[in-house]
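Novice: Mind having a look at this structure? Questions to follow.
The values are calculated or read from the model by the stated rules, or taken from the named source; none is laboratory data. Here the structure is a predicted model, which means the values were calculated and not measured. Neighbour counts are summed over all protein chains in view; Cβ atoms, including those assigned to glycine, are modelled from backbone coordinates with ideal geometry. Remember, those area values only see protein heavy atoms, side chains included, never the ligands or the DNA or RNA. Shrake-Rupley method; radii C 1.70, N 1.55, O 1.52, S 1.80 Å.
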Amino acid sequence: MSANPVAAFGLTKRFGSFTAVEALDLQIGKGEIVGFIGPNGAGKSTTIRMLCGLLRPSAGRAEVAGFDVARQSEAVRAHIGYMSQKFSLYGDLTGRENLRFFAGIYRVPRREIRERISFAIAMAGLEGREEALVKTLAGGWKQRLALGCAILHRPPVLFLDEPTSGVEPQARRRFWDLIHNLAGEGATILVSTHAMDEAEYCNRVALIDAGRLVAIGSPGELRGRELAGELFELACAPLGAALEALQSLPEVIEAAIFADKLHVLLEKDANALSLPAILAGRQISAKAPRAIAPTLEDVFVQLVSRRESKRGRE
Amino acid sequence: MFERLEAILVKEFLELRRDPWAIFRLIIPLALQVIVYGYAATFTVHHVATAVLDLDNSEASRSLISHFLATRRFDIVDFADRQSTVTRDLDSGKATLAIVIHAGFARDLASGRGAPLAVAVDGTNSNTALISLGYVGEIVSRFEAEEAAKASTVKAGAAPPTVTVSLEERPWFNSGLEDRWFFIPGVIGTLTLVQVVNLTSFAVVREREVGTLEQIMVSPIRPVEFILGKTLPFFLIGLADVALVTLLGVLWFHIPFVGDPFVMLYGASLFLLATLGLGLLLSTFSRTQQQAFALNFFLINPIFILSGFAFPIAAMPRFLQWLTFLNPLRYFLIVIRAVFLKGVGLSDLWQEFAAMALLGVVMLGLSVLRFKKSLD
């Protein structure tokens, strides 16, 4: 038995011949927020569903709040809060009625129901709207209300599956503040997202791609540790032709479009200043490259492409 | 157990109340169908379009034709003058029945040798054809009896020519042999079955589709709590259905209700148990509402046909007769018809009650077992 509230050992899920999650190891400490980052279909939801006891692992095992997810799934369920990827409250019920429903389902003691529902309404910022039908609420409220429903029974572990997708930026910030408050009170939280900027809000980030955990660490660690070369930003036009030209150069490890510029990862000893001249030879105008600090997205792009080229060689 | 059950029940009724179409969906189609069945579902045949070809043109032949005219069963649409006209009438559908009286009918009748009478009937609807022929037989035998009586008065003093057995028919429980008395009680069972199986199977599948089922499955709720919470509201709706159709039948169509309403209530409760079980079982086999719809569609018709609602079970092949034992509707139809028309009680119906209870427990049990709190 692990001391960590969330612990996965070689967790694997296969659907027929397709392996959705492969030998995933993950430890999350009490009060920690771990961001689960990866593209759609990488296996984030499948992992979370295994940890919730909704899917049976094909191999490996996992413990949540000290209980085995396969053998003690009912005990696991009593100790977790879960927000599924799809918004799943009852649209024809008001916010208060939804809260009342989940309080009943989780058997919140009767004398505490009123207080906990008031707390959840305040947390969601739903005061004055608690009697509105949920289907009429805007995205941010719906999502905070869903979080409110998921924590009514004060679970020590929270699994949030892409809770901020489709929610406007301000509401996203507010949601992350709530998550930090909950972690501050001791909740252990695994939150998945495919928005890289949200990774910066997490204590640690687990990068997952094609069912495999490719890296895990604090955002700072990942940015410093994972790049195999030096990163430059290059303003050039046209972007598409420049990208193609750069990717064909041997000293370029990776190039990708970021907004209106390119991020180019060069071998350590390559001469970045020669790039504009090379591009000019192909009728592409470019300014002098500028060395930049990598973002998590750079790290992720590079890790994924490295794995892809490795797979390509095999 | 009760907090969770209460939570689900409150939620179900709130959702029902917020659904502006609920009343429409639950009551109007049901009432309309009862009325349509009440008026349209009948085996009685009136006003059969009839063509007549009288090649004898005698007093006797005209007397026979007037016997046909005297009932409301037959409308003579064509007095034909040759066989080809009669054939055309039947081909075109202008006439369903044709009576051909051959030349020499009166002579043969008088001689006592027996006079042949040809009757052709459009057999495409075998039911109508059979019933019409039955009426023809009745009319002809009445005609025969009258002719025989006439003949014996003419030969006064002579011994009666034949000894006849006169059949006195006395149908019990439905003395007028009204089809409506047979159909309306049956409609209670069939419509309730459709309504309840539909509602139940869709209710669970809809939660699956919307995603709320996943949210419920990650909670520590027990399958039996969830299933009870999902089915109790439909049980109450089903009872209301039964009451509504019964009232319509009694008040609108004047079907006699001679039995004990409580026997009906017990029977309906057990029947609902079985139909709820069936609906839930279907929902555990469906991922989407389309699948649930297809399954319903696939099952409802056989359930009707193998219930005795319209077609007598005794006339079915042995194998299909065995299948009817699995059909809850079969038992409930016996119960309703018996309660409505015969007024019999539990002592005569306990076998049907036991069968419905058994089916209900098995199907509900199976759906609890099949309701896994996992997405695998």
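Novice: Exactly one condition in (1) touching a residue at least 40 places away in the same chain (Cβ under 8 Å); (2) open to solvent by 50 Å² or more (accessible area, probe 1.4 Å); (3) acidic (Asp, Glu) is not met by B:ASP348; state its number.
Specialist: It fails just one condition, (1).
Novice: For the range A:53-97, which residues satisfy the criterion of being touching a residue at least 60 places away in the same chain (Cβ under 8 Å) and of a type in the set (D, E, K, R)?
Specialist: A:GLU63
Novice: Which of (1) modelled with pLDDT of 90 or more; (2) over 20 Å from the mean Cα position of the chain (by Cα) does B:TYR331 not meet, given it meets every other one?
Specialist: Among (1) modelled with pLDDT of 90 or more; (2) over 20 Å from the mean Cα position of the chain (by Cα), B:TYR331 violates only (2).
Novice: Another one. Hey, does the range A:122-129 have a residue that's surrounded by fewer than 23 Cβ atoms within 10 Å (Cβ to Cβ), modelled with pLDDT under 95 and within 14 Å of chain B (Cβ to nearest Cβ)?
Specialist: Scanning the range A:122-129, I find no residue that is surrounded by fewer than 23 Cβ atoms within 10 Å (Cβ to Cβ), modelled with pLDDT under 95 and within 14 Å of chain B (Cβ to nearest Cβ), so the answer is no.
Novice: Filter the range B:12-28 for residues that are open to solvent by less than 60 Å² (accessible area, probe 1.4 Å) and touching a residue at least 24 places away in the same chain (Cβ under 8 Å) and give the result.
Specialist: B:GLU12, B:LEU16, B:LEU26
Novice: Checking the structure you have, find out if any residue of the range A:178-196 is at pLDDT below 90, within 30 Å of A:ALA286 (Cβ to Cβ) and crowded, with 21+ Cβ neighbours inside 10 Å.
Specialist: Checking the range A:178-196: not a single residue is at pLDDT below 90, within 30 Å of A:ALA286 (Cβ to Cβ) and crowded, with 21+ Cβ neighbours inside 10 Å.
Novice: Looking for something surrounded by fewer than 21 Cβ atoms within 10 Å (Cβ to Cβ) and within 12 Å of chain B (Cβ to nearest Cβ) - is there at least one such residue anywhere in the range A:156-171?
Specialist: No; the residues of the range A:156-171 include none that is surrounded by fewer than 21 Cβ atoms within 10 Å (Cβ to Cβ) and within 12 Å of chain B (Cβ to nearest Cβ).
Novice: When only residues in the range A:101-112 that are open to solvent by 20 Å² or more (accessible area, probe 1.4 Å) and more than 7 Å from chain B (Cβ to nearest Cβ) count, which is nearest to A:LEU126 (Cα to Cα)?
Specialist: That would be A:GLU112.
Novice: Ok, one more. Against the definition (modelled with pLDDT of 85 or more and hydrophobic (A, V, I, L, M, F, W, C)), how does A:ALA256 come out, yes or no?
Specialist: Against the criterion (modelled with pLDDT of 85 or more and hydrophobic (A, V, I, L, M, F, W, C)), A:ALA256 qualifies.
Novice: Which of the residues belonging to the range A:68-87 are polar (S, T, N, Q), more than 7 Å from chain B (Cβ to nearest Cβ) and closer than 14 Å to A:SER45 by Cβ?
Specialist: Within the range A:68-87, just A:GLN85 meets the criteria.
Novice: Does the range A:90-99 hold any residues that are open to solvent by 10 Å² or more (accessible area, probe 1.4 Å) and more than 7 Å from chain B (Cβ to nearest Cβ), and which are they?
Specialist: Answer for the range A:90-99, where residues must be open to solvent by 10 Å² or more (accessible area, probe 1.4 Å) and more than 7 Å from chain B (Cβ to nearest Cβ): A:GLY91, A:ARG96.
Novice: For the list (1) open to solvent by 20 Å² or more (accessible area, probe 1.4 Å); (2) more than 31 Å from the chain's Cα centre (by Cα); (3) of a type in the set (Gly, Ala, Ser), I need the number of the one condition that B:ALA49 fails.
Specialist: (2)
Novice: State all residues of the range A:206-241 that are closer than 22 Å to A:GLU63 by Cβ and among the β-branched types (Val, Ile, Thr); if no residue qualifies, say none.
Specialist: A:ILE208, A:ILE216, listed by residue number.
Novice: Go through (1) open to solvent by less than 70 Å² (accessible area, probe 1.4 Å); (2) within 33 Å of the chain's Cα centre (by Cα) for B:THR85 and report which single condition fails.
Specialist: Status for B:THR85: all satisfied but (2).
Novice: Can you confirm whether A:GLY29 is within 18 Å of the chain's Cα centre (by Cα), more than 14 Å from every other protein chain (Cβ to nearest Cβ), touching a residue at least 24 places away in the same chain (Cβ under 8 Å) and surrounded by fewer than 23 Cβ atoms within 10 Å (Cβ to Cβ)?
Specialist: yes
Novice: Please indicate, with yes or no, whether at least one residue in the range A:37-47 is surrounded by 14 or more Cβ atoms within 10 Å (Cβ to Cβ) and in a strand (DSSP E or B). First the steps, then the outcome.
Specialist: So in the range A:37-47, the residues surrounded by 14 or more Cβ atoms within 10 Å (Cβ to Cβ) come out as A:37-38, A:42-47.
In the following step, the residues that additionally are in a strand (DSSP E or B) were identified as A:37.
Yes, the range A:37-47 contains a residue that is surrounded by 14 or more Cβ atoms within 10 Å (Cβ to Cβ) and in a strand (DSSP E or B).
Novice: State which residue is nearest to the chain's Cα centre (by Cα) when the search covers only the range A:221-244 and only residues that are part of a loop (DSSP other than H, G, I, E, B) and within 19 Å of A:LEU266 (Cα to Cα).
Specialist: The qualifying residue nearest to the chain's Cα centre (by Cα) is A:GLU226.
Novice: All but one of (1) touching a His at 6+ places or on another chain (Cβ under 9 Å); (2) part of a loop (DSSP other than H, G, I, E, B) hold for A:ALA103, so report the exception by its number.
Specialist: The number of the failed condition is (2).
Novice: Further, regarding this structure: Could you please let me know if B:GLY259 is at pLDDT below 90, touching a Lys or Arg at 6+ places or on another chain (Cβ under 8 Å) and at positive phi?
Specialist: no
Novice: Just the residues that are free of Cβ contacts under 8 Å to residues at least 40 places away in the same chain and either open to solvent by 50 Å² or more (accessible area, probe 1.4 Å) or part of a helix (DSSP H, G or I) (or both), please, taken from the range B:320-345. Explain how you work it out, then say what you get.
Specialist: Here is the first cut: in the range B:320-345, the residues free of Cβ contacts under 8 Å to residues at least 40 places away in the same chain are B:320-327, B:330, B:334.
Within the range B:320-345, B:LEU320, B:GLN321, B:TRP322, B:LEU323, B:THR324, B:PHE325, B:LEU326, B:ARG330, B:ILE334 qualify.
Novice: Could I ask something else about it? Got a sec? Which of B:THR231, B:THR212, B:THR192, B:THR246 is of a type outside the set (A, V, I, L, M, F, W, C) and within 14 Å of chain A (Cβ to nearest Cβ)?
Specialist: B:THR212
Novice: Residues A:GLY41, A:GLY91: which one is modelled with pLDDT under 95 and out of contact with any helix residue (DSSP H, G or I) (no Cβ under 9 Å at 6 or more places or on another chain)? Give the derivation first.
Specialist: Values: A:GLY91 fails: out of contact with any helix residue (DSSP H, G or I) (no Cβ under 9 Å at 6 or more places or on another chain).
Step by step, each of A:GLY41, A:GLY91 is checked, and only A:GLY41 is modelled with pLDDT under 95 and out of contact with any helix residue (DSSP H, G or I) (no Cβ under 9 Å at 6 or more places or on another chain).
Novice: Then there is this: Checking B:THR124 against (1) crowded, with 18+ Cβ neighbours inside 10 Å; (2) in a loop (DSSP other than H, G, I, E, B), only one condition comes out false. Which one?
Specialist: The single condition B:THR124 does not satisfy is (1).
Novice: For a quick check of your reading: which helices (runs of 4 or more DSSP H) sit entirely within the range B:208-311 and have at least 2 residues that are more than 23 Å from the chain's Cα centre (by Cα) and surrounded by 21 or more Cβ atoms within 10 Å (Cβ to Cβ)?
Specialist: B:212-217, B:223-247, B:261-284
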